[in-house]
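The values are calculated or read from the model by the stated rules, or taken from the named source; none is laboratory data. Worth saying up front: this structure is predicted, and the values here are computed from it rather than measured. Please note: Cβ atoms are built from the backbone with ideal geometry, for glycine as well, and neighbour counts cover all protein chains shown.
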Amino acid sequence: MAKQTTKIVAEICLYGNGAADVGYGWLARLSDGAMLGNGEPRPGRSQTDCLWQACDHVRRLRTMAAQPKPWTGTVRVFAPGGKLMADTDLNHPGYFGDLKWQPATALEISAEAIEAAASK
């Protein structure tokens, strides 16, 4: 049986340092280039919280766009600092600490894209 390839439907970048008064934030870029989130860390928010919230936003946006259901695929997650990445299922994302991490490939998000996403 041939191995099924998995489509990356979004890339999620996590931000923050884990301090209780800082927490974590996220940005997501969909395969069509649309940006979600604002990257702003929030106190008390974990990396898993951010991952699950980002996946929820991606699914809701897809639903509002009246795309065929179920919308499936894989999201690529970049850990804070951008040196590690992992893939997880959009509809059933794993816990941050349970993901299979590997060295990250280059990911570029322009300052303009970040500012535009933050101003929404």
* **Meets criteria (modelled with pLDDT under 95, assigned to a loop (DSSP other than H, G, I, E, B), of a type outside the set (S, T, N, Q) and within 25 Å of Ala19 (Cα to Cα)) for Pro80** => yes
* Out of all the residues in the range 2-16, which are exposed (fewer than 11 other Cβ atoms within 10 Å of the Cβ) and either in contact with a Lys or Arg (Cβ under 7 Å, 6 or more places away or on another chain) or in contact (Cβ under 8 Å) with a residue 12 or more places away in the chain (or both)? -> Lys7
* Structure fact -> Note on the range 1-60: residues part of a loop (DSSP other than H, G, I, E, B), out of contact with any Gly (no Cβ under 6 Å at 6 or more places or on another chain) and not small (Gly, Ala, Ser) are Met1, Lys3, Gln4, Thr5, Thr6, Asn17, Asp21, Asp32, Asn38
* For residues that are of a type in the set (A, V, I, L, M) and over 18 Å from Cys13 (Cα atoms), scanning just the range 51-77, find the one that is modelled with the lowest pLDDT. => Ala66
* To do: Determine the pairs where a residue that is farther than 16 Å from Thr48 by Cβ, located within the range 17-37, has a partner that is of a type in the set (D, E, K, R) with Cβ atoms under 8 Å apart, the partner being 6 or more residues away or on another chain.
  => Arg29/Glu11; Ser31/Lys7; Met35/Arg29; Leu36/Arg29
* Within the range 83-112, restricting attention to residues that are aliphatic (A, V, I, L, M) and surrounded by 11 or more Cβ atoms within 10 Å (Cβ to Cβ), which residue is modelled with the lowest pLDDT? -> Leu107
